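So the structure is just underneath, and the comments pick up after that.
The values are calculated or read from the model by the stated rules, or taken from the named source; none is laboratory data. Only a predicted model underlies this, so the values are computations on that prediction, with no experimental measurement involved. Just so you know, the surface numbers come from the protein's heavy atoms only, side chains and all, with ligands and any DNA or RNA stripped out. Shrake-Rupley method; radii C 1.70, N 1.55, O 1.52, S 1.80 Å.
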Amino acid sequence: MTYLKNLFTALLLAISAIPAIAQTDPKATEVWDPEPEVVLPGGGNKAPSDAIILFDGKNLDKWTDQKGNKPGWIVKDGIVTVKPGSGSIITKQNFADCQLHIEWRTPAVVKGEGQERGNSGVIMQSHYELQILDSYKNRTYSNGQAGSIYKQYVPQVNASLKPGEWQKYDIIYTAPRFNIDSSVKTPAYITVLHNGVLVQNHVAIKGTVAHVGQPKYQKHPFALPLLLQEHEFPVSFRNIWIRELGVQKLLNGKDKKGWYTYLDTLGKDNDVHNNFAIENGMVHVMGKYFGYLATQKSYDNYYLKVVFKWGTKQYHPREKGARDAGILYHFGEEDKDVVWPRSIECQIQEGDCGDIWCVQHTSVVTPNKSAIEWDQQRVYRTANFENPRGEWNTIEIICNGNQIEHYVNGHLVNWGVASLSHGRILLQSEGAEIWYKSVELTPL
């Protein structure tokens with residue numbers, strides 16, 4: 001008994017010593033991985049090295065009008081100016097969490113007063129408006145002046161410059177997150193500096209901009225275009241750039257770092273036939289051998305965007321018929337590599353893009369049409385939004401705990417509650433040639 005008491009005392013002393021070591025050893029609190037990516041900060045009119053330039057003064061090639069046509073705004077001398085009556089413009093690329101820099105100028109010749117003076121807006125995700133207005137010695141309702149979140153938040157101060165002078169917004173924006181029942185999981189948040197002065201400090205946006213009545217949220221895709229508003233006034237813009245925040249580029253375009261291969265006949269990391277090749281910054285899947293390219297890490301609670309298009313080649317036993325592949329996710333760390341492992345699949349087979357397959361007896365509770373095929377649950381997509389063969393398709397998968405959603409080219413086509421909630425991500429090779437331009441993941 002004395003021996004056991006002494007042993008217990010020694011264990012207690014050893015355990016109590018651990019915090020003391022942590023407090024005296026500086027290495028105990030050092031974090032070395034991951035190492036932050038190097039970004040050159042720019043300066044002046046130069047954007048950070050990782051920024052996406054939305055307007056460089058030359059053209060509006062990265063924009064369309066709201067109908068998808070060429071914008072009618074006027075580009076001249078490095079500046080783009082609203083052409084009244086031509087409509088608002090939106091980015092071709094969709095964005096969610098971001099840092100946005102934009103410079104703007106209201107007309108030097110003052111006409112009108114209140115809201116009828118240099119009115120425009122920066123509308124995040126085409127839903128949430130940061131007001132642009134000539135607010136220099138121009139009284140209007142406070143939640144409608146420059147720097148306001150329109151009809152929601154009054155700016156902390158009025159930092160407006162004189163009409164005709166260039167002004168700037170620097171914006172930090174976090175997109176809202178929704179549950180599959182359309183309720184808001186977390187609202188959108190925005191921080192705004194107007195001419196270097198903080199005017200909105202991480203405020204929670206109350207919903208879609210509303211001129212009349214109270215704002216409210218309506219569920220929408222995670223990533224959407226940025227919109228610049230045409231409000232009948234010749235407001236000008238220049239030096240527009242954006243940085244995506246939190247986006248992890250799982251494919252680096254150079255090698256298969258962070259991934260491993262598994263082929264049915266050859267096993268793990270034995271791709272002797274180069275079935276998965278890196279070409280022109282993309283992953284080229286030959287498709288001749290059944291297997292997959294898998295992430296080494298596991299993930300949960302994320303937004304995943306995959307851009308792919310079909311090649312021309314098909315192989316035995318699927319030389320004919322629809323080209324087949326899939327994005328498998330929630331493949332558990334404890335599960336063995338096999339063809340095919342226990343997971344949830346977003347089907348990208350021609351004619352079935354967006355279907356859910358519950359691989360190895362997993363399951364999804366869903367209101368959508370479902371059946372048992374090949375001894376597995378299949379959930380049919382609600383509509384067809386695939387692009388023709390040879391064109392790029394964008395698949396978006398939202399994993400919010402056990403809740404899953406599949407989007408095809410911006411359209412929600414499938415959803416439900418899955419029996420799995422985390423794991424690795426796989427890109428299938430299943431008898432057809434396919435190209436993956438990008439695989440990007442944003443934590444939710």
Need one word for the stretch 28-97: rounded, prolate or oblate. Basis is the Cα gyration tensor (sqrt eigenvalues a ≥ b ≥ c); a/c below 1.5 gives rounded, then a/b vs b/c decides.
prolate
Percent accessible area from carbon and sulfur atoms, the chain, protein chains only, probe 1.4 Å
53
Can you sort K305, K249, K162 by 1.4 Å-probe accessible area, starting with the largest?
K249, K162, K305
For the stretch 133-204: relative contact order, % (alpha-carbon pairs under 8 angstrom, 6 or more apart)
26
Nearest 10 degrees, 0 to 90: what angle lies between the long axis of helix 2-24 and the longest principal axis of the chain (Cα atoms)?
30
Note down the accessible area of D375, probe 1.4 Å, to the nearest 10 Å².
100
Span from the the stretch 202-222 Cα centroid across to the the stretch 330-368 one, whole angstrom
34
Need one word for the stretch 127-183: rounded, prolate or oblate. Basis is the Cα gyration tensor (sqrt eigenvalues a ≥ b ≥ c); a/c below 1.5 gives rounded, then a/b vs b/c decides.
prolate
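Rounded to the nearest whole Å², what accessible area per residue is found for the stretch 291-444 with the 1.4 Å probe? Please list the in-between numbers first.
Numbers: 6050 Å² over 154 residues.
Accessible area per residue: 39 Å².
Give K111/K151; K249/K437; K151/K216 a once-over and call out the pairs whose C-alpha atoms are over 18 Å from each other.
Details: K111/K151 23 Å; K249/K437 11 Å; K151/K216 12 Å.
With Cα atoms farther than 18 Å apart: K111/K151.
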For Rg and Dmax of the Cα atoms in Å, the listed values are (1) 21.1, 69; (2) 25.2, 105; (3) 26.2, 95; which was obtained by calculation from the structure presented?
(3)
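Only Cα pairs under 8 Å and at least 6 apart count here; give the relative contact order of the chain as a rounded whole percent. Provide the component values of the computation, followed by the final result.
Values: 1084 pairs, mean separation 66.1, N = 444.
In percent, rounded to a whole number, it is 15.
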Do any of K70/K288; K256/K288; K185/K297 go past 30 Å between their Cα atoms, and which?
K70/K288
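If you rank T312, T208 by how much accessible surface each has, with a 1.4 Å probe, what is the order from largest down? List each step's numbers first, then the result.
Numbers: T312 110, T208 30 Å².
Result of the area sort, largest leading: T312, T208.
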